[in-house]
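For reference, the structure discussed in these notes is given below.
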Amino acid sequence: MNILHVNQNDFFGGAAKIAHSLHRCYHSAGHSSWFAVSCKHVPDASIVQIPDLPPSSSKIANLLWKLRGFIKKHKGKKGMGVAISVLRALANIHAEVERREGHEDFDYPGSRKLLDLIPAKPDIIHLHNLHGNYFDLRFLPELSQKAPVFITLHDEWLLTGHCAYTLGCKHWKTGCGQCPDLTIYPSIPRDAAHFNWQRKREIYGQCRFYVATPSQWLMDEVKESILAPAIIESRVIPNGVDQSIFKSGAKLKVRNELNLPESSKIILFLLARNFKFNRFKDFKTIKDAISIIMKDKANRNIVAIGVGSSDDSRYFDPQQVKIMGFVKDEKQLAKYYQAADVYIHAAHSDNFPTTVVESLSCGTPVVATAVDGIPEQIIEGE
């Protein structure tokens, strides 16, 4: 069987991690699998990059884009960097006008070349996150006629007028008019949420999909959304993790390997990219909870560890939190879960965070906020 996965990138974020894991599993099972992305980070021949093509909005834009490509070859010369930036802006001027109106930008012709990137016709096209400035949603009707299209929703964006998570707003049910918060990612400068919502509904009206969500919470929303009429079949399929990697380990041995204190109680948390400014994550609760615990003199034998960007260390008291830096290798990440006594996860909105499953798979209990799909992952008191 030939499977084509599509996501904005192949490494960063929960959707990329899940898509990449499925891609590897299909290979292991003897299937042919390819992974099409806009931003490629993993050196793998089966991961193909969606071409960066000029906007299709005008012939002038195409001409400017070609001129940009010519100048790019000479970018080492003085002043060429500025010229490239100016031409990029001019080539995208139509898209920029649309964005300033609050319209979501779908003008990415490279995504229409998906099936040309792989050597065989796919039996299944598996779409993941389609936001991130790389995919033309208007291509979906044509794509769904070429092969069965499966969509795994990792957030709410396909249902809304612009936001990836609605943070409790229910306007997506009735048309996203009078959006209460334009700043939620992906943000829009003006309130064209209803226009965007209506345009998505018209696109889906010409499509037929198979849809999966990792949580029942999100599936309940899908069934009330503009996506529902296009669905052939839907299922809740929780995200899994590789239990040959994320498994229980010898705590003392792992702590020695990581140079962590043997006798301390260790609280672990992971830092998402731009964690402090991520509207969907709850940075304040993590920081305040650790501060409260550490101020209690009876808790002197507790160590708080954050795994993520070293830049995030400036947001924490170094006397209270040890930031370990970003851990790319999954086997190394699993050791931190194995070494911890508890993993904490705070969010304002979250579909089915993989980190919670990873921790539980390592035998480490989780304390998390009871929002969206998280209560489906954790059994209270167990």
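The values are calculated or read from the model by the stated rules, or taken from the named source; none is laboratory data. No experiment lies behind these values; they were computed from the predicted model shown. Glycine gets a Cβ as well: all are built from the backbone with ideal geometry, and neighbour counts include every protein chain shown. When the accessible area is computed, the model is the full protein with side chains, heavy atoms only, and any ligands, DNA or RNA have been set aside. Shrake-Rupley method; radii C 1.70, N 1.55, O 1.52, S 1.80 Å.
Residues in region 261-277: is at least one among the hydroxyl-bearing types (Ser, Thr, Tyr), part of a loop (DSSP other than H, G, I, E, B), at pLDDT below 95 and touching a strand residue (DSSP E or B) at 6+ places or on another chain (Cβ under 9 Å)? Working first, answer last.
First, pick out the residues of region 261-277 that are among the hydroxyl-bearing types (Ser, Thr, Tyr): 263-264.
Right, trim to part of a loop (DSSP other than H, G, I, E, B) and you get 263-264.
Retained after the next criterion (residues that are at pLDDT below 95): 263-264.
Among the residues that remain, those that are also touching a strand residue (DSSP E or B) at 6+ places or on another chain (Cβ under 9 Å) are: 264.
Scanning region 261-277, I find at least one residue that is among the hydroxyl-bearing types (Ser, Thr, Tyr), part of a loop (DSSP other than H, G, I, E, B), at pLDDT below 95 and touching a strand residue (DSSP E or B) at 6+ places or on another chain (Cβ under 9 Å), so the answer is yes.
If a residue must be free of Cβ contacts under 8 Å to residues at least 60 places away in the same chain, surrounded by 15 or more Cβ atoms within 10 Å (Cβ to Cβ) and in a helix (DSSP H, G or I), how many such residues does region 284-314 contain?
7
Only residues that are at pLDDT below 95 and of a type in the set (S, T, N, Q): list them for region 9-38, please.
Across region 9-38, the qualifying residues are 9, 21, 28, 38.
How many residues are within 17 Å of residue 226 (Cβ to Cβ), touching a residue at least 60 places away in the same chain (Cβ under 8 Å) and under 19 Å from the mean Cα position of the chain (by Cα) if we restrict to region 137-161?
7
Please pick out the residue among 334, 346, 340, 368 that is in contact with a Gly (Cβ under 8 Å, 6 or more places away or on another chain) and modelled with pLDDT of 95 or more.
None of the other options fit; the residue is 334.
When you scan region 96-113, do you find a residue that is outside any loop (DSSP other than H, G, I, E, B), at pLDDT 75 or above and open to solvent by less than 20 Å² (accessible area, probe 1.4 Å), even just one?
yes
Could you count how many residues in region 367-382 are outside any loop (DSSP other than H, G, I, E, B), open to solvent by 40 Å² or more (accessible area, probe 1.4 Å) and over 18 Å from residue 267 (Cα atoms)?
2
List pairs: first in region 354-372 and of a type in the set (Gly, Ala, Ser), second part of a loop (DSSP other than H, G, I, E, B) and open to solvent by 20 Å² or more (accessible area, probe 1.4 Å), Cβ under 8 Å, 6+ apart or cross-chain?
Hits for this filter: 359/365; 361/241; 361/243; 361/247; 363/247; 363/248; 368/377; 368/378.
Among the strands (runs of 3 or more DSSP E) contained in region 1-53, which hold 3 or more residues that are open to solvent by less than 20 Å² (accessible area, probe 1.4 Å)? Even if it seems obvious, please write down each step before you answer.
Working: elements: 2-9, 32-39, 47-49.
Answer list for region 1-53: 2-9, 32-39.
Could you pull out the residue among 135, 150 that is open to solvent by less than 20 Å² (accessible area, probe 1.4 Å) and modelled with pLDDT of 90 or more?
Within the list 135, 150, the selection yields 135.
Is there a residue being within 30 Å of residue 184 (Cα to Cα) and touching a residue at least 12 places away in the same chain (Cβ under 8 Å) anywhere in region 241-252? Give the derivation first.
Of the residues in region 241-252, the ones within 30 Å of residue 184 (Cα to Cα) are 241.
When the remaining residues are screened for being touching a residue at least 12 places away in the same chain (Cβ under 8 Å), the result is 241.
Yes, that holds for at least one residue.
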